[in-house]
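The values are calculated or read from the model by the stated rules, or taken from the named source; none is laboratory data. Everything numeric here is computed off the predicted structure, so don't read it as measured data. Every residue, glycine as well, gets a Cβ built from its backbone with ideal geometry; the counts of neighbours run over all protein chains shown.
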């Protein structure tokens, strides 16, 4: 694997991708969350975490998007035709979480490609809860950001090595 260029603006790429999806696709304005908002939301509610791997012969990486189930329910209802059946609605939320993460990861992939880092994306995977926080380690470039959207906090982590 080649080393990461120090001028790769992963924070900017990640922020642009998230804003593009939320504002353009869903007409939901977002705001960078303050550290107080991020830490106070850490234990609240039920979370879904979507993940997409970014891979090429020169790099490995990933996108993790943590979002609350109430926020996803609101987004799902705004799209119309939300199921009334609780089991079907839970399936819809998992699908929406995966699709939302995939859309953001696609835009991050495009931003990386523009910076000379072409990669492929894996199929999105969604878990209930939050993943264990992994040590970022040497040679890994990370972007950790929190966002407030429709009164809820979303957390986005992008990493590449």
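Worth a mention:
- The condition (being in contact with a strand residue (DSSP E or B) (Cβ under 8 Å, 6 or more places away or on another chain), closer than 18 Å to residue 19 by Cβ and in contact (Cβ under 8 Å) with a residue 12 or more places away in the chain) is satisfied by just one residue among 143, 115: 143.
- So residue 102, is it at pLDDT 90 or above and over 19 Å from residue 150 (Cα atoms): yes
- Subset of segment 58-108 [closer than 25 Å to residue 10 by Cβ, out of contact with any strand residue (DSSP E or B) (no Cβ under 8 Å at 6 or more places or on another chain) and not in a loop (DSSP other than H, G, I, E, B)]: 99, 103, 107
- Residues being modelled with pLDDT under 85, on the phi > 0 side of the Ramachandran plot and exposed (fewer than 15 other Cβ atoms within 10 Å of the Cβ) are represented in segment 44-51 by at least one member.
- Taking the criterion of being closer than 22 Å to residue 121 by Cβ and either loosely packed, with under 13 Cβ neighbours inside 10 Å or over 16 Å from the mean Cα position of the chain (by Cα) (or both), the residues of segment 53-90 that qualify are 55, 56, 57, 58, 59, 60.
- The sole residue among 111, 137 that is on the phi > 0 side of the Ramachandran plot and either outside any strand (DSSP E or B) or at pLDDT below 90 (or both) is 137.
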